[in-house]
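Beneath this line is the structure, given in structure tokens, with notes to follow.
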Amino acid sequence: KNACGVSDDTAAISFFSITCKCDDIDFTCRKIQWEQCLTNCKWIIIIIMVLINVMHNVIESSPFINSSTSDVEKSQQYDGKNMALFEEEMDTSPMVSSLLSSLANYSNLTQGSKEHEEAENNEEARKKTAPRMGTLMGVYLPCMQNILGVILFLRMTWLVGAGGVLGTFIIVFMCCSTTMLTAISMSAIATNGVVPAGGSYYMISRSLGPEFGGAVGICFYLGTTFAGAMYILGCIEILLIYIVPAAAIFKMEGLEGAEAEAALLNNMRVYGTIVLSFMALVVFVGVKYVNKLALVFLACVILSILAVYAGVIKTSFDPPFFPIHFRSDYNYAALILCRVCLLGNRTLVSKGFDICAKTIEQGNATVTTKLWRAFCDSEFLNATCDEYFTSNNVSQIQGIPGITSGILAGVNGNLVIGTLAWPSPWVIVFGSFFSTCGAGLQSLTGAPRLLQAIARDSIIPFLRVFGHGKANGEPTWALLLTACICETGILIASLDAVAPILSMFFLMCYMFVNLACALQTLLRTPNWRPRFKFYHWALSLLGMSLCLTLMFLCSWYYAIVAMVIASCIYKYIEFCGAEKEWGDGIRGISLSAARYALMRLEEGPPHTKNWRPQILVLMSLDGEQSVEQPRLLSLTSQLKAGKGLTIVGACVEGTYLNNQPQAQKADQVCMKLMEVEKVKGFSQVVISSNLRDATSHLIQAGGLGGLRHNTVLVSFPKNWKQAEEHHRCRNFIEVVRETTAAHLALLVTKNISAYPSNGERFTEGHIDVWWIVHDGGLLMLLPFLLRQHKVWRKCKIRIFTVAQMDDNSIQMKKDLMTFLYHLRFDAEVEVVEMHDSDISAYTYEKTLVMEQRSQILKEMHLTKNEREREVQLIQGKNATPTPTSPTSPTAPTPAAVTPGEEVQMTWTDETEKTNNPAVANPESVKDMFNMKPNQSNFRRMHHAQELNGVIVKKSKEAKLVLLNMPGPPKNRNGEENYMEFLEVLTEGLNRVLLVRGGGREVITIYS
């Protein structure tokens, strides 16, 4: 840019920085000054400005209403591609060519990276990637070094000597069959889509879900880590016993038995820690060094195997001599052919005894040998010996050249398999040493990456820190944790004690790989289309059974411990782990099980013994789509304790197309509140033109099949007498009517804001049940369910029932106590006698005012808005009439009436009097206020006041009062009266739960 002689902040630099072109004239900025270039190219700028103006006019004159610059650009982008019909959907539905291009350019991510679905669009994550080991270096070589490792060189000969050729063949055949069947299942899973990272963990988690995947993934990680410890211990054992015995820090010369074993274990702990630190440092420096060393180690292993085969061929012509040293005074040869000492049919390890005999003749006496002392409590002939030793004879047979062993410590300081090798035993010694070193490095390389993959999936929250690493993705923190766990295996120090631990974890991983393949095959998942066709679900189940059998055959207590660890991890992920949806097979099982259970539920209603409230909670929302009564869910949680079905229903007023975002927001709010209150269930938001219809839809259509609600929980409308809340009053009464018609139980909470939250505790108090009419036993069942929760656990139950004049209250109390005893309820019982009392003036006046208000509204035929305002007006005048001298209500003063209300006051305005015949006649108004109360309403009001007085007297200090809820009026003329009855019945009580049964028995005295 500076070649043009222009400062960097010049606005037009980007246009003239390289070349200025004018038809055939090329003005190079490096040769001319800025002024000349601007003069010669001035007309270019003019043309560009004209073009911009023309484009602007074209866009403004576009025939499309919503056309904009972005729309024009989009149309130009897809011009000529025959995609005009789909231009508006290209942001969410790309062209097929784009999709195929992205799939064709797909490449596997490094182990431990995020899922390929999330990383496809993250270009920054691809800038620095960890070194890739590939199929040969990352898969084939580690498997070869694991197979041809410590078990083959150090324990296979011992296995042959202890189990015999046939027994060893059966053991190896079972193990190979297990791994072969697992490999078949794994091939099917691996070819059913792309497996980017995590290996077996990825396949299991995506097939069986995050819970199983996380549990088995952690077990597989622990198995790989302990495998590293086992390989390091094998490396140290070869080093100290067969290569450099003099390097032992804790000397073993002259020690026997437990002392020699303790010294060997201490040496292995010290050297194992040193070797582990060195290997961890190599892995930390970089995987490329591990890859380079892996080739060297594998070459040593292959040479060792070839040397063994060459030795086996050689022994068929020239059997080897195994030097076994005996004491010379027993007249045995110094060198003899390898012979095996048998006790019955059991091979004895020639360690701790020198003669394969129980006794020997020495002079004229019979003397016991060291073998005798190993099985008997003393060296005398009359000693007490092992039963098997006493009942079987000792014999010595010629071993089979090439496969006899039974000698754990080797022959003449060499490995037995090394003695068979050609040309020298040192080939096997060094080959086994480097094999164990390479396998240990591979374990320390693979385990941290597996942990990193689990951590980055975020299914176990406390492991997220191990998902971080170096800039190139190397798992530094995971490597540190792996080294610490591996050190635990090093401190165990015994190769034979560490091997069963990792065997359990690996077998469990193999078992779940087979289970995943079998489930995917049996469930016929649509996405189950593996390219590998040589599999069958029966083979997978057989492999799974073999894995489980081998776990318990190897070590039953280690198997139980491994299962307990996996179960704990499973429950932890289920309880507090991050939710993941991977389309796993467990979800398919859940869907199949749910369908089966729903079909079974359709066969008939539940038995009385199995009945529990399946609650539909009707929540009201404010203008911001927030829940107005969150304590309803607190009560639901306390009542349900996580059992049964809970549906939280909410209503949004409007149309589905216009109000769908509000409904989604309301659903999220309800789900979040359910999670906070620990309510396990479902949220359902309904959009309708009015709230009344939406509530009716929830009551009718909530649930699925036999899994439907049988109880509705709703809050009593607050301030229902106010005009703006009148619609809530009507909705509430309709809910009562519809639940009654649908034979659903109804729970109505009054003063819901005073109910306790889940964090509160009542240390004392009572739950009072006022059992007035029998409702199927729901009133008795609810306090029992509430006391199962920690909030109400220390509250005592008191049951009150009402006796009439002709009832025997003493006998009623005895019968009720007997009934509660058979129900297994622990509660106090009290029978309340209600005598006929004189009608109070207050009751008469209240009933009269209530009927006057209803009659006025009925006579005046007002609209809905007018009716609501008249209700408030009459409420303000309800103190004027008396039972003895009713008077007409006085007209409101002009100051009390706003301009907008003058039209509504029809019964005081002269113009409205002429238009409304019901009010035009003053005599009709006078007769209306001279009316007498209806006898039925009068009785109801009197009973409500009498009952309320008794309840307040007995239960004013109760923590909760449960009360039978009266039924709704059959006609719609007495709706306001019904609400007034409920208000009087519950007046003066803090927490009230009105209960209305569903018309069926919900408790029984039978078992």
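The values are calculated or read from the model by the stated rules, or taken from the named source; none is laboratory data. Since the structure is predicted, the reported quantities are computational estimates derived from the model, not experimental observations. Don't worry about glycine lacking a Cβ; one is built from the backbone with ideal geometry, like all the others, and counts go over all protein chains shown. Surface areas here come from the heavy atoms of the whole protein model, side chains and all, with no ligands, DNA or RNA. Shrake-Rupley method; radii C 1.70, N 1.55, O 1.52, S 1.80 Å.
Please determine whether any residue of segment 689-712 is open to solvent by 30 Å² or more (accessible area, probe 1.4 Å), β-branched (V, I, T) and touching a strand residue (DSSP E or B) at 6+ places or on another chain (Cβ under 8 Å). Within segment 689-712, none of the residues are open to solvent by 30 Å² or more (accessible area, probe 1.4 Å), β-branched (V, I, T) and touching a strand residue (DSSP E or B) at 6+ places or on another chain (Cβ under 8 Å). Counting the residues of segment 159-172 that are modelled with pLDDT under 85 and open to solvent by 50 Å² or more (accessible area, probe 1.4 Å) gives 2. Per this entry, F505 is not counted among residues that are open to solvent by 20 Å² or more (accessible area, probe 1.4 Å) and aromatic (F, W, Y). Within segment 967-986, is even one residue surrounded by 15 or more Cβ atoms within 10 Å (Cβ to Cβ), outside any helix (DSSP H, G or I) and touching a strand residue (DSSP E or B) at 6+ places or on another chain (Cβ under 8 Å)? Yes, that holds for at least one residue. Among residues of segment 467-490 that are surrounded by fewer than 21 Cβ atoms within 10 Å (Cβ to Cβ), those with a Cβ under 8 angstrom from a residue that is at pLDDT below 95 and among the aromatic types (F, W, Y), sequence gap 6+ or separate chain, pair up as H468/W477; G469/W477; T476/F284; W477/F466; L481/F466; I485/F226.
Within segment 173-209, if we keep just the residues that are in a loop (DSSP other than H, G, I, E, B) and surrounded by fewer than 21 Cβ atoms within 10 Å (Cβ to Cβ), the residue that is modelled with the lowest pLDDT turns out to be P196. Could you go through segment 447-455 and let me know if any residue there is out of contact with any Lys or Arg (no Cβ under 6 Å at 6 or more places or on another chain), over 20 Å from A227 (Cβ atoms), modelled with pLDDT of 85 or more and open to solvent by 10 Å² or more (accessible area, probe 1.4 Å). Checking segment 447-455: not a single residue is out of contact with any Lys or Arg (no Cβ under 6 Å at 6 or more places or on another chain), over 20 Å from A227 (Cβ atoms), modelled with pLDDT of 85 or more and open to solvent by 10 Å² or more (accessible area, probe 1.4 Å). Here is a check on your reading of the model: is F512 closer than 30 Å to I236 by Cβ, open to solvent by less than 40 Å² (accessible area, probe 1.4 Å), among the aromatic types (F, W, Y) and touching a residue at least 12 places away in the same chain (Cβ under 8 Å)? No; evaluated as a whole, the condition is false for this residue. Sub-6 Å Cβ pairs linking a first residue in segment 796-813 that is on the phi < 0 side of the Ramachandran plot to a second residue that is assigned to a loop (DSSP other than H, G, I, E, B) and open to solvent by less than 90 Å² (accessible area, probe 1.4 Å), at least 6 apart or interchain, are I797/A827; I799/A827; V802/I772; V802/M834, ordered by first then second residue. Only residues that are part of a loop (DSSP other than H, G, I, E, B), on the phi < 0 side of the Ramachandran plot and open to solvent by 90 Å² or more (accessible area, probe 1.4 Å) were counted across segment 522-567, and they come to 6. Of the listed requirements (1) over 24 Å from I647 (Cβ atoms); (2) in a strand (DSSP E or B), F762 misses just one: (2).
Residues checked against (1) open to solvent by less than 40 Å² (accessible area, probe 1.4 Å); (2) under 30 Å from A478 (Cβ atoms); (3) outside any helix (DSSP H, G or I):
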site	(1), (2), (3)
G213	yes, yes, no
V216	yes, yes, no
T224	yes, yes, no
I241	no, no, no
E259	no, no, no
A262	no, no, no
Y271	no, yes, no
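Residues are listed down the side, and each one gets a yes or a no for (1) at pLDDT 85 or above; (2) farther than 29 Å from H743 by Cα; (3) within 40 Å of the chain's Cα centre (by Cα); (4) among the aromatic types (F, W, Y):
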| residue | (1), (2), (3), (4) |
| --- | --- |
| L779 | yes, no, yes, no |
| Q788 | yes, no, yes, no |
| C795 | yes, yes, yes, no |
| D806 | no, yes, no, no |
| Q811 | yes, yes, no, no |
| K814 | yes, yes, no, no |
| E828 | yes, yes, no, no |
| V849 | no, yes, no, no |
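For segment 770-778, indicate whether the set of residues that are touching a helix residue (DSSP H, G or I) at 6+ places or on another chain (Cβ under 9 Å), more than 18 Å from I951 (Cα to Cα), assigned to a helix (DSSP H, G or I) and not aromatic (F, W, Y) is non-empty. Looking for residues that are touching a helix residue (DSSP H, G or I) at 6+ places or on another chain (Cβ under 9 Å), more than 18 Å from I951 (Cα to Cα), assigned to a helix (DSSP H, G or I) and not aromatic (F, W, Y), one finds none in segment 770-778, hence no.
Note on segment 788-816: among residues that are open to solvent by less than 80 Å² (accessible area, probe 1.4 Å) and assigned to a loop (DSSP other than H, G, I, E, B), the one that is nearest to S637 (Cα to Cα) is H789.
Can you say whether S696 is at pLDDT 90 or above, polar (S, T, N, Q) and farther than 26 Å from M599 by Cβ, as far as the supplied structure shows? Spelling it out, S696 is indeed at pLDDT 90 or above, polar (S, T, N, Q) and farther than 26 Å from M599 by Cβ.
Report yes if I302 is closer than 30 Å to L441 by Cα, part of a helix (DSSP H, G or I) and either among the β-branched types (V, I, T) or modelled with pLDDT of 85 or more (or both), otherwise no. For I302, the condition - closer than 30 Å to L441 by Cα, part of a helix (DSSP H, G or I) and either among the β-branched types (V, I, T) or modelled with pLDDT of 85 or more (or both) - is met. Once segment 989-999 is narrowed to residues that are in contact with a helix residue (DSSP H, G or I) (Cβ under 8 Å, 6 or more places away or on another chain) and open to solvent by 50 Å² or more (accessible area, probe 1.4 Å), the residue that is nearest to I752 (Cα to Cα) is N990. Residues in segment 573-595 that are in contact with a Ser or Thr (Cβ under 7 Å, 6 or more places away or on another chain) and modelled with pLDDT under 70: A578, W582, D584, G585. Kindly indicate whether any position in segment 946-957 is surrounded by 15 or more Cβ atoms within 10 Å (Cβ to Cβ), over 22 Å from E828 (Cα atoms) and out of contact with any Asp or Glu (no Cβ under 8 Å at 6 or more places or on another chain). Yes: one or more hits.
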